[in-house]
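Asks: Sending over a structure as C-alpha coordinates; questions will come in a sec.
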Amino acid sequence: MAPKHPLAEDAPEAALRIFPEPLPDESLFGLACRIHRRAATKSAKQTLAHLFGNPFAIPAASLPSHIGYFSRQIPPRTGGKPEEWVLRALTLFPYFNAFLTERQSIALSAGMISD
(Lines give C-alpha, C1' and ligand atoms only; values in the text may rest on other atoms or scores of the structure.)
Protein backbone atom coordinates (compact mmCIF):
# COMPACT_ATOMS: atom_id res chain seq x y z
CA MET A 1 0.00 0.00 0.00
CA ALA A 2 1.33 3.45 -0.90
CA PRO A 3 2.00 5.80 2.04
CA LYS A 4 -0.53 8.50 2.71
CA HIS A 5 0.25 12.01 1.56
CA PRO A 6 0.78 14.44 4.51
CA LEU A 7 -2.50 16.24 3.72
CA ALA A 8 -4.32 12.94 4.16
CA GLU A 9 -3.16 12.83 7.77
CA ASP A 10 -4.95 16.12 8.50
CA ALA A 11 -8.24 14.99 6.99
CA PRO A 12 -10.86 14.12 9.60
CA GLU A 13 -11.63 10.44 9.89
CA ALA A 14 -15.35 11.29 10.00
CA ALA A 15 -15.30 12.14 6.29
CA LEU A 16 -16.45 8.66 5.27
CA ARG A 17 -18.10 7.53 8.47
CA ILE A 18 -21.34 7.84 6.52
CA PHE A 19 -20.83 6.81 2.91
CA PRO A 20 -23.51 8.23 0.60
CA GLU A 21 -25.02 5.66 -1.69
CA PRO A 22 -24.17 6.59 -5.29
CA LEU A 23 -27.01 8.05 -7.29
CA PRO A 24 -28.13 6.22 -10.46
CA ASP A 25 -25.51 6.75 -13.18
CA GLU A 26 -23.31 8.82 -10.82
CA SER A 27 -19.60 8.80 -11.61
CA LEU A 28 -16.76 8.56 -9.12
CA PHE A 29 -16.14 12.27 -9.75
CA GLY A 30 -19.72 13.16 -8.82
CA LEU A 31 -19.60 10.98 -5.73
CA ALA A 32 -16.28 12.53 -4.64
CA CYS A 33 -17.82 15.99 -5.06
CA ARG A 34 -20.80 15.06 -2.90
CA ILE A 35 -18.51 13.60 -0.23
CA HIS A 36 -16.41 16.79 -0.27
CA ARG A 37 -19.50 18.96 0.25
CA ARG A 38 -20.49 16.87 3.28
CA ALA A 39 -17.01 16.42 4.76
CA ALA A 40 -15.44 18.80 7.22
CA THR A 41 -12.20 19.18 5.29
CA LYS A 42 -10.30 22.44 4.86
CA SER A 43 -9.94 22.20 1.09
CA ALA A 44 -10.65 20.10 -1.98
CA LYS A 45 -7.01 18.94 -1.97
CA GLN A 46 -7.47 17.64 1.57
CA THR A 47 -10.58 15.72 0.50
CA LEU A 48 -8.66 14.23 -2.45
CA ALA A 49 -5.82 13.24 -0.11
CA HIS A 50 -8.29 11.57 2.24
CA LEU A 51 -10.28 9.77 -0.46
CA PHE A 52 -7.49 8.87 -2.88
CA GLY A 53 -4.29 9.11 -0.81
CA ASN A 54 -2.97 11.98 -2.93
CA PRO A 55 -4.09 15.64 -3.05
CA PHE A 56 -3.26 15.74 -6.75
CA ALA A 57 -5.35 12.71 -7.74
CA ILE A 58 -7.92 13.50 -10.40
CA PRO A 59 -11.13 11.50 -9.99
CA ALA A 60 -11.90 11.88 -13.68
CA ALA A 61 -15.42 11.12 -14.74
CA SER A 62 -14.24 8.59 -17.32
CA LEU A 63 -11.12 6.60 -16.32
CA PRO A 64 -9.88 7.74 -12.89
CA SER A 65 -6.92 6.32 -11.00
CA HIS A 66 -6.33 5.58 -7.30
CA ILE A 67 -9.46 3.39 -7.17
CA GLY A 68 -7.72 0.89 -4.90
CA TYR A 69 -7.06 3.52 -2.23
CA PHE A 70 -10.59 4.91 -2.53
CA SER A 71 -12.02 1.39 -2.24
CA ARG A 72 -10.31 0.92 1.12
CA GLN A 73 -12.04 4.06 2.43
CA ILE A 74 -15.61 2.94 1.71
CA PRO A 75 -17.71 0.38 3.56
CA PRO A 76 -17.48 -3.19 2.22
CA ARG A 77 -20.04 -4.21 -0.35
CA THR A 78 -21.48 -7.64 -0.92
CA GLY A 79 -20.50 -9.61 -3.98
CA GLY A 80 -16.87 -9.13 -4.85
CA LYS A 81 -13.95 -6.83 -4.30
CA PRO A 82 -14.74 -3.18 -3.57
CA GLU A 83 -12.30 -1.93 -6.22
CA GLU A 84 -14.05 -4.05 -8.86
CA TRP A 85 -17.40 -2.58 -7.83
CA VAL A 86 -16.02 0.99 -8.08
CA LEU A 87 -14.40 0.20 -11.43
CA ARG A 88 -17.61 -1.19 -12.93
CA ALA A 89 -20.26 0.96 -11.20
CA LEU A 90 -18.67 4.42 -10.97
CA THR A 91 -16.45 4.70 -14.06
CA LEU A 92 -16.77 4.32 -17.80
CA PHE A 93 -14.47 1.29 -17.77
CA PRO A 94 -17.25 -1.12 -18.88
CA TYR A 95 -17.88 0.98 -22.01
CA PHE A 96 -14.21 1.27 -22.98
CA ASN A 97 -13.61 -2.38 -22.08
CA ALA A 98 -15.93 -3.53 -24.88
CA PHE A 99 -13.33 -2.32 -27.41
CA LEU A 100 -10.19 -3.64 -25.67
CA THR A 101 -8.27 -6.87 -25.97
CA GLU A 102 -7.99 -8.94 -22.81
CA ARG A 103 -4.41 -7.74 -22.31
CA GLN A 104 -5.45 -4.08 -22.72
CA SER A 105 -8.37 -4.59 -20.34
CA ILE A 106 -6.12 -6.04 -17.63
CA ALA A 107 -3.58 -3.23 -18.07
CA LEU A 108 -6.25 -0.51 -17.97
CA SER A 109 -8.01 -1.87 -14.89
CA ALA A 110 -4.66 -2.35 -13.09
CA GLY A 111 -3.70 1.24 -13.90
CA MET A 112 -7.00 2.58 -12.64
CA ILE A 113 -6.84 0.59 -9.41
CA SER A 114 -3.21 1.41 -8.66
CA ASP A 115 -1.96 4.47 -6.86
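The values are calculated or read from the model by the stated rules, or taken from the named source; none is laboratory data. Owing to the predicted nature of the structure, the values given are computational and were not obtained by experimental measurement. Cβ: placed from backbone, ideal geometry, glycine included. Neighbour counts: every protein chain shown. Surface areas here come from the heavy atoms of the whole protein model, side chains and all, with no ligands, DNA or RNA. Shrake-Rupley method; radii C 1.70, N 1.55, O 1.52, S 1.80 Å.
Asks: Residue-wise, which Karplus ³J(HN,Hα) couplings in Hz belong to the stretch 46-60, taking 6.51 cos²θ - 1.76 cosθ + 1.60, θ = phi - 60°, and x for glycine or proline?
Replies: 5, 5, 4, 4, 6, 7, 10, x, 7, x, 9, 5, 10, x, 3
Asks: When only DSSP loop residues count, what chymotrypsin sites (Phe, Trp or Tyr not before Pro) in the stretch 60-102 have their Cβ near at most 13 other Cβ atoms within 10 Å? Mind showing how you got there, number by number?
Replies: On the way: sites: 69, 70, 85, 95, 96, 99; in loops: 99.
Listed in order of number, the matching sites are 99.
Asks: Using a/c under 1.5 as the rounded threshold, could you call the stretch 57-115 rounded, prolate or oblate? The axes a ≥ b ≥ c are square roots of the C-alpha gyration tensor eigenvalues, and prolate needs a/b larger than b/c, oblate otherwise.
Replies: Working: a/c = 1.80, a/b = 1.43, b/c = 1.26.
The shape class here is prolate.
Asks: Here is a further query. Leaving ligands, DNA and RNA out of it, work out the accessible area of residue 106 with a 1.4 Å probe and give it in Å² to the nearest 10.
Replies: Estimated to the nearest 10 Å², residue 106 gives 100 Å².
Asks: Quick one: 3J(HN,Hα) in Hz for the stretch 64-77, Karplus 6.51/-1.76/1.60 with θ = phi - 60°, rounded, Gly and Pro as x.
Replies: Each residue's phi maps through the Karplus curve to give x, 10, 6, 5, x, 5, 4, 5, 7, 8, 9, x, x, 10 Hz.
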